[in-house]
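Below is one structure, written out as structure tokens; the observations come after it.
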Amino acid sequence: MLKAKSSSARDVQEKLGFSSPALAQHHLEKLRKYNLVTKDYDGTYRVRSSSFGILKLYIRTGKWIIPRTFFFIIIFAVLTASFIPIAPQQPYYLLVAVVAVIGLTIAVYETFRSYRVLPPT
């Protein structure tokens, strides 16, 4: 639904491999019950907003859905790249370099974990 922005029950059934459109309809109605989607007069469901629930953890740009932790990867990668070369000369920078590497590792792990939550396309 996030990528398509609007879908019918038949579209959702085909994309997610459900056994019938009725099953897709059931799940879409649950989303509608929680005000995550709206239903048009022709049976098309539309995503309401991207600022609720788990969707707060993602940024949608065109056709891409990017976890917010991706930006932490960029920040920690820049820190790591800038402090690793000078860490051997300055002992205090070694601590900063270690923290940057740990932060980069955690950010990469969390970003890949966030992508696994999304349904396959």
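Structure summary
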{"quantity": "Charge-dipole axis of the chain as Lys and Arg at +1 and Asp and Glu at -1 on Cβ define it, positive-most pick from PHE71, VAL99, THR61", "calculated": "THR61"}
{"quantity": "Calculated from backbone phi, Karplus (6.51, -1.76, 1.60) coupling profile of region 75-82 in Hz, x at Gly/Pro", "calculated": "4, 5, 5, 5, 4, 4, 5, 8"}
{"quantity": "Per residue, the convex hull volume that the Cα atoms of region 6-48 enclose (Å³)", "calculated": "58 Å³"}
{"quantity": "Net charge of neighbours whose Cβ lies under 15 Å from the Cβ of ARG10, counting Lys and Arg as +1 and Asp and Glu as -1", "calculated": "-3"}
{"quantity": "Spread of Cα-to-Cα distances over 5 Å intervals beginning at zero, given as percent, for the chain", "calculated": "2, 10, 15, 15, 13, 10, 8, 7, 6, 5, 4, 3, 1, 0"}
{"quantity": "Residues with amide H under 5 Å from that of THR44, placed H, sequence gap 5 or more", "calculated": "none"}
{"quantity": "Check: the chain dipole with +1 on Lys, Arg Cβ and -1 on Asp, Glu Cβ, in debye", "calculated": "360 debye"}
{"quantity": "Inverse of mean 1/r across different Cα pairs in region 56-117, Kirkwood, Å", "calculated": "12.5 Å"}
{"quantity": "Contour minus Cα-Cα distance for ARG48 and THR105 (0.36 nm per residue)", "calculated": "17.1 nm"}
{"quantity": "Cα-projected label distance for SER20 with LEU57, points at 7 Å along beta-carbon direction, nm", "calculated": "3.3 nm"}
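Since every read-out is calculated from the coordinates, none of them should be taken as a lab result. Just so it is clear, the model here is predicted, and its values are computed rather than measured. Note: ideal-geometry Cβ built from the backbone for every residue, glycine included; neighbour counts use all protein chains shown.
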